[in-house]
Structure formats: structure tokens, C-alpha cells
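Below: one structure, written as C-alpha cells.
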Amino acid sequence: MDQTTKVSVAPTPCDDEGHLVTVLSIDGGGIRGIIPGIILGFLESELQKLDGDDVRLTDYFDVIAGTSTGGLVTTMLTAPNQNNRPLYAAKDIKNFFLEHSPKIFPQNKTLFSFMVKLFRTLFGPQYNGKYLHRILREKLGDTKLNQTLTNVIIPTFDIKRLQPTIFSNFQLKERPDLNALLSDICISTSAAPTYLPAHSFETKTQHGHVIGKFDLIDGGVAANNPTLVAMAEVTNQIWHEGSCANLNVEAMQYDRFLVISLGTGSQKQEMKYSADEAAGWGVLSWVTTTNGCTPLIDAFSQASVDMVDFHISSLLRALNSQHNYLRIQDDTLTGDLSSVDLATEKNLNDLVKVGEALLKKPVSMINLKTGVYEPAKSNETNEEALTRFAERLSKQKRFRKSQMSANGNH
């Protein structure tokens, strides 16, 4: 096995951890957001076993980052309800997808469905996004970025400026124009080219003066795996402010990060494309959706996902801190399961089964030479690794509480 790409995620003694920066990151992937939803439900249940039924993921993570469907999940976990607690518990994410996905991505059941889908792809987005926009407006109301219960980071891409726009709590002090409605941010980060329409909106001061104008599409164009963006935002905050969330962590001290990064699944290697197949493709072939997949979108989104994973794995291994990073991804999806928008009842329920089965699979890391995720040396299952991380997150929470008490803060 190629030792330059395989990373061991092994347990390590954590008796004197001190301050850690805790990060949760969720990839983009349309309806496949069900998969990280299942994983998050398990993680939150493990935390509740340790600290009580009322705890939520926002009580443990300094930063939650998400792109596209991951941005929706991030917002669901961090937007406050009327009691200033998370709008959704992690266990409710699955049911959200099961209930709303068929209305966000309505399926054409006619004999000519393929031709209808092709026509839509050529002359506009496949879906008008109206239901998604409405449900987000209803659920999130007037809640803005500065009201989230922990720091969030949600990438989008501005097609007018041709550069990423990162909606981050950390940037609000310097860039108040980013303090947008969470509904606008979610609509924007989910606006996948060829699937959903681009989104434009303005941000205003409390007196109604326009301070920001945005023309945005899916954050997956910039960072389909937003883990590295999240770590960079924390580092920049430390550089600028000298601290981050009252943590005693220095800039570039990456061995003090505790990171869980969740993928939404990808195609099995045998189901992907070949050079012989693509050699004669023109624009139409690259952007046409076939069997739920669009080659061009698949290529740039998967490249983003894997390179971020490889970079973080390599960095933390060099710092002997690979035990601080857990990446959970399934690269064995086939057929309908690899689709981002095939929201049939059967396919959605099958994705639930994929998420549940993924918990039982071994922790793995990507080998960039083969493109295949390979079991790590720890011999842990993802379920066991999440239980271990839950214990560390709980311990970190107790440590911070003791530090606050020692400093006279209550």
C-alpha cells in the first residue's frame, strides 16, 4: 500500500488535552445529505448518553461548516428556535430530507422523462427551487447569520465577481455586509448549476441602507468539502484577534484542532468515467445528467472533496495528530444511490440504509493513487470512532466549564 496516502486514525491517550478547537464539517451532495444526517444523529445520541438528553451538537463545536446540502444541515443544527436552542435535533435531519426532498426535486413520471430532463438541462435549471425557497423562508424566518448558536461557515460562489463568498461569523466584524438572512445563505449555497437557479439578494443595515449585493451559486464550486475553509477561518480569526472563542490556541497550531468531516458518498470506482468514454465528449455530454450524475459537476466537486481530505490528513499526520481528525465517507455508491436529486421514496429510504451501514464500516482514508478509500490501521468502525470522539468532545466541554469556574465566570 502507498504509505504517502494512507493515514492511520488511531486512538491516543487524551488525559491532558487542554484547549482544543472543535470543528464539524459537512460536504455537499443534494439528497445524499441523508447520509451525514444519519451519522450526526448517532454522534448526538452518544453525547446525550454522556451529558443528558437536552444536549445538542452546537454545545460541543466551536465551528460547524457546510456546503450546499451540508449548508442546509449546518443551518438546521445552529439556527435558534423560540427557546434559543437548535431548530432541529440531529436525529430530525433524516426526516426533514425524507419529507421535503420529493417536493424540492419533483420526479417526472412520464414515458418521456429523460427527454424532459434533457430539455430542462439545456435551457435552464432542472428544478425551479420554489418549494425549497418557501420552506427555508418558513423555517428560518428573519434569522440572520449573527444569531446562530455557534460559529458557522457556509461557502458560496459569486458569479458576478467570479470568486468565493464565505458566510462566516468570524468575518462579521470586518464585513457586516455578510450578515444575511440564513434562508438567503442556504438558498445560495444550494444553487447547484443545472439543478437549481442562481440566487441574488441584498443585505441592509437596521435602517434599511443596502450594504451588500450578492449573485450566488452553489458553494460546491468553491469548496464542496468545507473542512479546510473552516480551519482557515479559525486561523485567520486568531491572527486578527489574538484568540478564538476564548480558547488558548495560537495561530497555525493545527495539532489543537479536533475535526469531524462528513461526506455524502460518491460513486463506486467502477461506476465512474473513463478517458476513452470522455475523449469524444462535447459540451452537451459534459453537462447532461445521466443516471443521476453530471460528469462536469462530479469532476470538480469530487476533486475538491478528496484534495481537502488529503491535505488535512497529511498536515495532521506530520504533526502526529492524526487521531484528531475523523473523515467519514462512502465511495461505494452505485446506480440511483449516487444521484443528487432522485428523490423517490425507494431511493431516499435506500440512502438511509447506506448511512446506517456506514456506521458499521471501518474508518478509512482515501488513497489518491487508486481513488479508493482504504481501511485505516486502527481497525475501528466509524461507530466506534464517533463514540471515542464523543467522549473527547464531552471532556472538552467539561474542561471549559472548569476553566470558566476557575476564572470566576458562570
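The values are calculated or read from the model by the stated rules, or taken from the named source; none is laboratory data. Not measured: the values here are computed from a predicted model. All Cβ positions, glycine included, derive from the backbone under ideal geometry; neighbour counts span all protein chains shown. Each accessible area value is taken on the protein alone, full model and side chains, heavy atoms only, with ligands, DNA and RNA left out. Shrake-Rupley method; radii C 1.70, N 1.55, O 1.52, S 1.80 Å.
Specify which of the listed residues (Asn407, Asn382) is buried (at least 16 other Cβ atoms within 10 Å of the Cβ) and of a type outside the set (D, E, K, R).
Asn382
Hey, can you tell me all the residues within region 350-372 that are open to solvent by 20 Å² or more (accessible area, probe 1.4 Å) and within 20 Å of Ser314 (Cβ to Cβ)?
Across region 350-372, the qualifying residues are Leu368, Lys369, Thr370, Gly371, Val372.
Taking region 362-404, which residues are of a type outside the set (D, E, K, R), under 23 Å from the mean Cα position of the chain (by Cα) and more than 22 Å from Ile35 (Cα to Cα)?
Leu368, Ser394, Gln396
Would you point out the residue of region 319-349, among those that are modelled with pLDDT of 90 or more and of a type in the set (A, V, I, L, M), that is surrounded by the most Cβ atoms within 10 Å (Cβ to Cβ)?
Val340
Going residue by residue through region 85-106, is there one that turns out to be at pLDDT below 95 and not hydrophobic (A, V, I, L, M, F, W, C)?
yes
In this structure, is Leu172 free of Cβ contacts under 8 Å to residues at least 40 places away in the same chain, open to solvent by 10 Å² or more (accessible area, probe 1.4 Å) and on the phi > 0 side of the Ramachandran plot?
So Leu172 does not fit the description; no.
Residue by residue, here is whether (1) among the acidic types (Asp, Glu); (2) within 16 Å of the chain's Cα centre (by Cα) holds:
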residue	(1), (2)
Ile26	no, yes
Ile31	no, yes
Asp53	yes, no
Lys103	no, no
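Go through region 334-379 and give me each residue that's acidic (Asp, Glu) and either under 30 Å from Gln126 (Cα atoms) or out of contact with any strand residue (DSSP E or B) (no Cβ under 9 Å at 6 or more places or on another chain) (or both).
Of everything in region 334-379, those that are acidic (Asp, Glu) and either under 30 Å from Gln126 (Cα atoms) or out of contact with any strand residue (DSSP E or B) (no Cβ under 9 Å at 6 or more places or on another chain) (or both) turn out to be Asp336, Asp341, Glu345, Asp350, Glu356.
Return the residues of region 163-192 that are assigned to a loop (DSSP other than H, G, I, E, B) and in contact with a helix residue (DSSP H, G or I) (Cβ under 7 Å, 6 or more places away or on another chain); say none if nothing qualifies.
Within region 163-192, Leu172, Asn179, Ala180, Ser190, Ala192 qualify.
Could you list, in sequence order, the residues of region 385-398 that are open to solvent by less than 20 Å² (accessible area, probe 1.4 Å) and in contact with a helix residue (DSSP H, G or I) (Cβ under 8 Å, 6 or more places away or on another chain)?
Leu386, Phe389, Ala390, Leu393, Ser394, listed by residue number.
Return the residues of region 130-169 that are modelled with pLDDT of 95 or more and either at positive phi or of a type in the set (Phe, Trp, Tyr) (or both); say none if nothing qualifies.
Tyr131, Gly141, Phe157, Phe167
Could you run through region 296-318 and say how many residues are buried (at least 21 other Cβ atoms within 10 Å of the Cβ) and farther than 19 Å from Ala232 by Cβ?
2
Results for (1) open to solvent by 30 Å² or more (accessible area, probe 1.4 Å); (2) touching a strand residue (DSSP E or B) at 6+ places or on another chain (Cβ under 7 Å); (3) at pLDDT below 95; (4) among the charged types (D, E, K, R), shown as yes or no for each residue.
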| site | (1), (2), (3), (4) |
| --- | --- |
| Ala10 | yes, no, yes, no |
| Leu20 | no, yes, yes, no |
| Ser25 | no, yes, no, no |
| Val73 | no, yes, no, no |
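Could you list, in sequence order, the residues of region 181-195 that are surrounded by 21 or more Cβ atoms within 10 Å (Cβ to Cβ), farther than 17 Å from Gln163 by Cβ and modelled with pLDDT of 95 or more?
If the condition is that a residue be surrounded by 21 or more Cβ atoms within 10 Å (Cβ to Cβ), farther than 17 Å from Gln163 by Cβ and modelled with pLDDT of 95 or more, then Leu182, Ser183, Asp184, Cys186, Ile187, Ser190 are the ones that fit.
Take region 46-70 and flag every residue that is surrounded by 17 or more Cβ atoms within 10 Å (Cβ to Cβ), part of a helix (DSSP H, G or I) and not β-branched (Val, Ile, Thr).
Glu46, Leu47, Gln48, Leu57, Asp59, Gly70
Suppose we filter Ser402, Ser378 for residues that are part of a loop (DSSP other than H, G, I, E, B) and among the small types (Gly, Ala, Ser); which single one remains?
Of Ser402, Ser378, the one residue that is part of a loop (DSSP other than H, G, I, E, B) and among the small types (Gly, Ala, Ser) is Ser378.
Scan region 207-215 and tell me whether some residue there is closer than 22 Å to Ser68 by Cβ and surrounded by 22 or more Cβ atoms within 10 Å (Cβ to Cβ).
Yes, because at least one residue in region 207-215 is closer than 22 Å to Ser68 by Cβ and surrounded by 22 or more Cβ atoms within 10 Å (Cβ to Cβ).
Residue by residue through region 142-162, note down the ones that are open to solvent by 30 Å² or more (accessible area, probe 1.4 Å) and part of a loop (DSSP other than H, G, I, E, B).
Scanning region 142-162 gives Asp142, Leu149, Ile159, Lys160, Arg161, Leu162.
Kindly indicate whether any position in region 366-388 is among the basic types (Lys, Arg), farther than 30 Å from His19 by Cβ and touching a residue at least 60 places away in the same chain (Cβ under 8 Å).
yes
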